[in-house]
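The values are calculated or read from the model by the stated rules, or taken from the named source; none is laboratory data. The structure displayed is predicted, hence computed values, not measured ones. As a convention, Cβ positions derive from the backbone with ideal geometry for all residues, glycine included, and neighbour counts pool all protein chains shown. Side chains are part of the model used for accessible areas, which takes the heavy atoms of the whole protein and leaves out ligands, DNA and RNA. Shrake-Rupley method; radii C 1.70, N 1.55, O 1.52, S 1.80 Å.
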Amino acid sequence: MFTKKSLVLLFTFCLITALSAKELKVLMIGNSFSICVGKFLPQIVNAEKKHKLILTSAYIGGCPLEKHYKKLLEAEKDPKVTPYKVTVWDSEKNPAKGEAVQGNVNELLKNNQYDIITIQQSSTKSFDFTTFEPYVSELIKYIRKYQKNAEIVIQQTWAYRVDAPNFKKWGFDQNGMYEKVSGAYRKLADSYKLRVIPMADAVQNFRADSPVKYKPIDQSVVYEEPALPSFAGDVVGVSLWQTNRKTKQRYVHHDYSHLNTQGHYMQAALWYAFLFDEDANNITFIPKKFPAEDAKLLRSCAQKALTNYQQVKK
């Protein structure tokens, strides 16, 4: 039997819960460093049962800001130009698998109303701010023309795994890449007064806090399928067996730049906390066959990055 006082408390709790709940439409204009957000974020939103999310990814592999801008111009002249793989996840209807079609950013911006639109530079250019302009300025201008009420947000991309061959060519190491990437995105945020999703910081947190430290691949080791080198100790990088198109021979491909499954979970936890003003530590969703202790550490690293990042004052 409910008392009058308990009913008032229940009503107050329900009212506070309802007022804090959010229904967001988010568009990501990006590449492989953004589409992976769809791996677990809609499932987290669905499982937590507090908020609703429609997440749209406009994806071109490896796409830098310059190419995004040029594709805008092409599609503006000819709407039949559809270079993007457009994937939509609905946290209530299809949280585990998004629906994909070909499209362009122009039509997405003109025909929808988004709450948040994210942008980022391609990873191979993210450490050099001179590659951002004037393309990011024009992209932001175009977005604001059609999405006057949407907030433009930056996803901070991350530093490659320590054994990435790119570092020898670029002349700096993993820490150097992190510092340069962080500096470039900070400059972008300061220039346009934009908030940042600090994914690079979350990645560095994991590298520092993980009790297991990543061991670079021994290139002299010959693997026999299905054996693969371990990526334990890092959320970036994974190895997989592939087939050479010409020789048809099987070989191990090493990916030094993209997030692995643990990275996908940490990225989703960070986005969830950022988008919905939640604490990543309180997320209850854990993917199947995913160690609970690993998930706890990943959520902690995500929340630490969000808590410590100094957002731009508008």
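Students often get this wrong, so check it: of Lys215/Lys246; Lys180/Lys248; Lys22/Lys288; Lys22/Lys213; Lys71/Lys313, which have C-alpha atoms separated by over 28 Å?
Values: Lys215/Lys246 32 Å; Lys180/Lys248 40 Å; Lys22/Lys288 26 Å; Lys22/Lys213 38 Å; Lys71/Lys313 32 Å.
Over 28 Å apart, Cα to Cα: Lys215/Lys246; Lys180/Lys248; Lys22/Lys213; Lys71/Lys313.
Do the sum for the chain: with -39,500 (n - 2.57) for every DSSP H run of n ≥ 4, divided by all residues, what is the mean residue ellipticity at 222 nm, to the nearest 500 deg cm²/dmol? Numbers along the way, then the final one.
Details: 11 runs with 129 residues, N = 314.
Calculated mean residue ellipticity at 222 nm is -12500 deg cm²/dmol.
Along the Cα-to-Cβ line of Tyr146, 7 Å from the Cα, sits a label point; which residues in region 59-73 have backbone N less than 20 Å from it?
59-61, 63-73
Using 0.36 nm times the number of residues separating Trp170 and Thr247, minus their current alpha carbon distance, what extension gain do you get?
24.6 nm
Would you work out what percent of the accessible area of the chain, with all protein chains in place, is carbon or sulfur (probe 1.4 Å)? Kindly include the intermediate steps, with their values, before the conclusion.
Details: 8830 of 16140 Å².
Answer for the chain is 55 percent, counting heavy atoms of protein chains only.
Go through (i) 24.8, 81; (ii) 20.8, 77; (iii) 19.8, 63 and flag the label whose value is the computed Rg and Dmax of the Cα atoms in Å for this structure.
(ii)
Heavy-atom accessible area per residue, the chain, 1.4 Å probe: how many Å²?
So the chain comes to 51 Å² accessible per residue, rounded to a whole number.
Based on the mean of other Cβ atoms within 10 Å per residue, sort peptides 209-215, 190-196 so the most packed one is first.
Packing proxy ranking, top to bottom: 190-196, 209-215.
Taking every DSSP beta bridge that has both residues in the chain, what percent is antiparallel when rounded to the nearest 5?
50
For the chain, calculate the relative contact order in percent as a whole number, restricting contacts to Cα pairs under 8 Å that are 6 or more residues apart.
Numbers: 539 pairs, mean separation 53.1, N = 314.
17 percent.
Given N residues in region 200-254, what is its alpha carbon radius of gyration divided by 2.2 N^0.38 Å?
Taking N as the residue count of region 200-254, the ratio is 1.40.
Expressed as a whole number of Å, what is the distance separating the alpha-carbon centroids of region 42-66 and region 90-119?
When both Cα centres are located, 8 Å separates them.
Mind checking which of Glu151, Glu23, Glu138 has the largest fluctuation in a GNM of the chain, springs on alpha carbons under 10 Å?
Result: Glu23 has the largest fluctuation of those listed.
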